[in-house]
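Student: Structure below; questions to follow.
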Amino acid sequence: RCDPEQFTFETTAELEDLTEVIGQARAVEAVRFGVGMRSEGYNLFALGPYGTGKHTAVAHFLKQKAAEEPAPPDWCYVHNFSQPHRPNALQLPAGQGNALGEDMRKFVEELFTVLPVAFGGEDYQSQKKAVEEEFKEKQESAFEELKREARERDIVLIPTPNGLAFAPLHKGEVISPDDFLKLPDEEQKRVETEVAALQEQLQKILYQLPQWKRESQARLKTLNQEVARFAATPLIEELRAKYAELPDVLTYLQSVQEDVVEHTERLLEMQEGQAQSSPGAPPAALMTRYQVNVVVSNSRDNGAPVIYEDHPTYQNLIGRVEHLAEMGVLTTDFTLIKPGVLHRANGGYVILDALKVLQQPYAWEGLKRALRSGEITIESLGQIFSLISTVSLTPQPIPLNVKIVLLGERLLYYLLCQFDPDFMELFKVAVDFEDEIERSDENYRLYARLIGTLARKEKLPHFDRRAVARVLEHSSRLAEDSEKLSTHMQQTADLLRESGYWARQAGRELVQAEDVQRAIDAATFRHGRIRERMQEAILRETVLIDTTGATVGQINGLSVIALGNATFGRPSRITARVRLGKGEVVDIERQVELGGPIHSKGVLILSSFLASRYAAERPLSLSASLVFEQSYSGVEGDSASSAELYALLSALAGAPIKQSLAVTGSVNQRGQVQAIGGVNEKIEGFFDICQARGLTGDQGVLIPQANVKHLMLRPDVVAASAAGQFHVYPVETIDQGIELLTGVPAGEPDEEGHYPAGTINYRVEARLVALAEKMREFEKERKES
């Protein structure tokens, strides 16, 4: 019991908020060490049962630490003009990523405004026209010279459907082919010779035309580049001045300027096409080409990021490249690169549920690869495993500087240590959370502050000190130890919320002890259907359990059943039978494969105790069988081994066992009764049956002496015990227990090792001696026959 009078407050409203973690000094120190260690591999694994507040405690500490640290840099992806499939990553000071993105958007808009003006000016048009006219004049001059020379030779250059051709003249007129054939042979040969010469000159001119065209286009391109450079340079210089201290940004701006100059014609074509579809707007392709994809943007005032990823898939951790469906084809570009949690938390802290990471395909391997390499490489699973061969983006890796905190059960941590060789190298700091803490005045005060903090946070009614005392008692019940308090804060918080609900239902402004008890009882009732059905089967004698009388070789054992949030005790009848045999104790549960290995171990231990105490110098000539009656499922654990031994001793001694008593506890080879788990539920399970049938004052439960400190029984059980209607007997040895169960002294051996007549041990030894004599007689008769 927790005495409420020891508290100096009346209600939790008087207490200040709790800012520390209760009873987790080891875990807090480990977190502090892990966060402070900046060497490679010092990531953290917070291990402990779910509900102990691992996430809350770790996140609270990390946020305090992160607030003192500088904000990490922003990261952006930009177009790689030399290798478009490998976008470049840019690092900028915190808060400047979005600024660069906005500046580049304005740059494109202004460039779209400036270029048409520059290329539409009179100066540019006159220079362009001069270059075009020069090419045209050179072409016309060459053909005019050829035509003049041909006329001097009485030949004319005429266009035909198949191109240019030469024809002879006669008196200034082109002669027909028939007339040409009528000319003298000497004249025909002369004309053919002249035409051949002219044709050769024409061919030379035609060969020169493409060269002149290329020279003209080159001059136009140079002119366009000069005009584009003249138009873009002021815009770029303005950005250079703004980002003068960022070399990577300056390199990128230089690449943008060179790309604008190099692809001026394409930009002009894009502008002309855009002008027809959406006048006044920059071309979409141009916007994409010079856009900045800000994948990580941090505020300068928020410190380092602390992020919990609830759905840690491979892509959510590492990032991804998305695609767009256009005309049945998937397309992508660097603007579709999406960050993962490692990007967003880079320079800070990531909290992950270890089990969720392991359940996601390839997420664990992807996380380890990033930690080992020290960089984030965005790759699709298809690329990693060569499942696809299509060309896709390969973004430049980003350096990784992050602390990973995994949350998980202890079993999961030790399994990873055993079976994953990389785990201990990457997660060197174990943050081990306590399941329970000492029941002390200091922890009482901390618990009370915790109750007040949660009440304020969730707007619950505050608790008076009697209610706080009842919560503390229930916390010890959760810890299954009267000297400890549970650190399973989730269950405690649920109890506080439910207590607040019942207080409001009763119209009270403060939560009282009655409200806490009502919340506990209501939760038990909500989850109690199966427990009640099992008790009903016993009360209706469908399942046979006696609570009165005495029977030889029959005892009530106790077990615990855990189903979801419901844990309750259930009595089971255990019987033993003995006969002449060869020293074998048969565990029927084991023979039919319903007994687990620990249960079988307990039966073998009691067999060893039996043989060593009563038949150390003679053959153990009995055959005994033990069984859990009406058991149709597996039996595991050794907590019934003492009950089985009592039943066996009863059967050997012929001493009836009181059925008003139930037994729990394991036994060792020396006959000492050892501690077991679930002692409260076991006692209460038998108490409920006895109470339903009527308490007589003779009923009770035998428990190991070592379990006394674990007793945190229900108030009704405590009240019945205080009134002498129900009893809890702690025992240290089998001899103590058999005396309580049979009412017959167990008997202590004298100096010669003989037990007093009439005692349980004397009767057992005598029975075993008699069985040995009978076995010897049977062996003698068998040999004689």
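Student: Within segment 105-113, identify whether any single residue is in contact with a helix residue (DSSP H, G or I) (Cβ under 7 Å, 6 or more places away or on another chain), in a helix (DSSP H, G or I) and open to solvent by 60 Å² or more (accessible area, probe 1.4 Å), and answer yes or no. Outline the logic, then answer.
Tutor: So the first thing to find is which residues in segment 105-113 are in contact with a helix residue (DSSP H, G or I) (Cβ under 7 Å, 6 or more places away or on another chain), and the list is 107-108, 110-112.
After this cut, where a residue has to be in a helix (DSSP H, G or I) as well, the list is 107-108, 110-112.
Checking which are open to solvent by 60 Å² or more (accessible area, probe 1.4 Å) leaves us with 110.
Yes; the residues of segment 105-113 include at least one that is in contact with a helix residue (DSSP H, G or I) (Cβ under 7 Å, 6 or more places away or on another chain), in a helix (DSSP H, G or I) and open to solvent by 60 Å² or more (accessible area, probe 1.4 Å).
Student: Could you list, in sequence order, the residues of segment 1-30 that are among the hydroxyl-bearing types (Ser, Thr, Tyr), over 10 Å from Arg466 (Cα atoms) and open to solvent by less than 80 Å² (accessible area, probe 1.4 Å)? Show your work before the answer.
Tutor: Keep residues of segment 1-30 that are among the hydroxyl-bearing types (Ser, Thr, Tyr), which gives 8, 11-12, 19.
Imposing the further condition that a residue be over 10 Å from Arg466 (Cα atoms) reduces the set to 8, 12, 19.
Correct list: Thr12 only.
Student: Would you pick out the residues in segment 547-572 that are under 16 Å from Ser650 (Cα atoms) and open to solvent by 30 Å² or more (accessible area, probe 1.4 Å)? Please lay out each step first, then the result.
Tutor: So in segment 547-572, the residues under 16 Å from Ser650 (Cα atoms) come out as 549-557.
Gly549, Ala550, Thr551, Val552, listed by residue number.
Student: In segment 138-180, which residue that is among the small types (Gly, Ala, Ser) and part of a helix (DSSP H, G or I) is modelled with the lowest pLDDT?
Tutor: Just the residues of segment 138-180 that are among the small types (Gly, Ala, Ser), to begin with: 141-142, 150, 163, 165, 167, 172, 176.
Now restrict to residues that are part of a helix (DSSP H, G or I): 141-142, 150.
Values: Ser141: 76, Ala142: 74, Ala150: 71.
Among them, the one singled out is Ala150.
Student: If the requirement is being of a type in the set (Val, Ile, Thr), more than 26 Å from Asp248 (Cβ to Cβ) and surrounded by 22 or more Cβ atoms within 10 Å (Cβ to Cβ), which of these qualifies: Thr52, Thr56? Talk me through it step by step, then tell me what you get.
Tutor: Numbers: Thr56 fails: surrounded by 22 or more Cβ atoms within 10 Å (Cβ to Cβ).
Step by step, each of Thr52, Thr56 is checked, and only Thr52 is of a type in the set (Val, Ile, Thr), more than 26 Å from Asp248 (Cβ to Cβ) and surrounded by 22 or more Cβ atoms within 10 Å (Cβ to Cβ).
Student: Next up: How about segment 298-318: which of its residues are in contact (Cβ under 8 Å) with a residue 60 or more places away in the chain and open to solvent by less than 60 Å² (accessible area, probe 1.4 Å)? Working first, answer last.
Tutor: Restricting attention to segment 298-318, the residues satisfying the condition of being in contact (Cβ under 8 Å) with a residue 60 or more places away in the chain are 298-306, 308, 314, 318.
Result: Asn298, Ser299, Gly303, Ala304, Pro305, Val306, Tyr314, Ile318.
Student: Same structure again: Looking at Glu379, Glu365, can you tell me which residue is in a loop (DSSP other than H, G, I, E, B) and more than 25 Å from Tyr290 (Cβ to Cβ)?
Tutor: Answer to the check: Glu379.
Student: Determine whether segment 490-502 contains at least one residue that is at pLDDT below 90 and open to solvent by 30 Å² or more (accessible area, probe 1.4 Å).
Tutor: yes
Student: To continue, here is another question. Six or more apart or on different chains, Cβ atoms under 9 Å: show the pairs whose first residue is in segment 714-741 and within 18 Å of Thr759 (Cβ to Cβ) and without any contact (Cβ under 8 Å) to a residue 24 or more places away in the chain and whose second is surrounded by fewer than 16 Cβ atoms within 10 Å (Cβ to Cβ) and small (Gly, Ala, Ser).
Tutor: Cβ pairs passing all conditions: none.
Student: Residues that are out of contact with any Gly (no Cβ under 8 Å at 6 or more places or on another chain) and of a type in the set (A, V, I, L, M): list the strands (runs of 3 or more DSSP E) wholly contained in segment 392-495 that include at least 2 such residues. Step through it out loud before you land on a result.
Tutor: On the way: elements: 403-408, 429-432, 436-438, 484-486.
Result: 403-408.
Student: Taking segment 621-648 on its own, how many of its residues are open to solvent by less than 30 Å² (accessible area, probe 1.4 Å) and part of a loop (DSSP other than H, G, I, E, B)?
Tutor: Residues flagged as open to solvent by less than 30 Å² (accessible area, probe 1.4 Å) and part of a loop (DSSP other than H, G, I, E, B) within segment 621-648 amount to 4.
Student: Hey, another quick one. Please enumerate the residues belonging to segment 351-380 that are aromatic (Phe, Trp, Tyr) and open to solvent by 50 Å² or more (accessible area, probe 1.4 Å). Before the answer, list the steps.
Tutor: The initial filter retains those residues of segment 351-380 that are aromatic (Phe, Trp, Tyr), namely 362, 364.
Hit for segment 351-380 is Tyr362, nothing else.
Student: Here's a follow-up. Any chance you could count how many residues in segment 668-685 are over 42 Å from the mean Cα position of the chain (by Cα) and either part of a loop (DSSP other than H, G, I, E, B) or closer than 14 Å to Ala640 by Cβ (or both)? If you could, list the steps in order and put the result at the bottom.
Tutor: Narrowing segment 668-685 to residues over 42 Å from the mean Cα position of the chain (by Cα): 668-673.
Next, only the ones that are either part of a loop (DSSP other than H, G, I, E, B) or closer than 14 Å to Ala640 by Cβ (or both) stay: 668-671, 673.
Residues in segment 668-685 being over 42 Å from the mean Cα position of the chain (by Cα) and either part of a loop (DSSP other than H, G, I, E, B) or closer than 14 Å to Ala640 by Cβ (or both): 5 in total.
The values are calculated or read from the model by the stated rules, or taken from the named source; none is laboratory data. As the structure is a computational prediction, the values presented were derived from the model and not from experiment. Because the Cβ atoms are built from the backbone with ideal geometry, glycine has one as well, and the counts that use them run over all protein chains shown. These area figures cover heavy atoms from the full protein model, side chains too; ligands, DNA and RNA do not enter into them. Shrake-Rupley method; radii C 1.70, N 1.55, O 1.52, S 1.80 Å.
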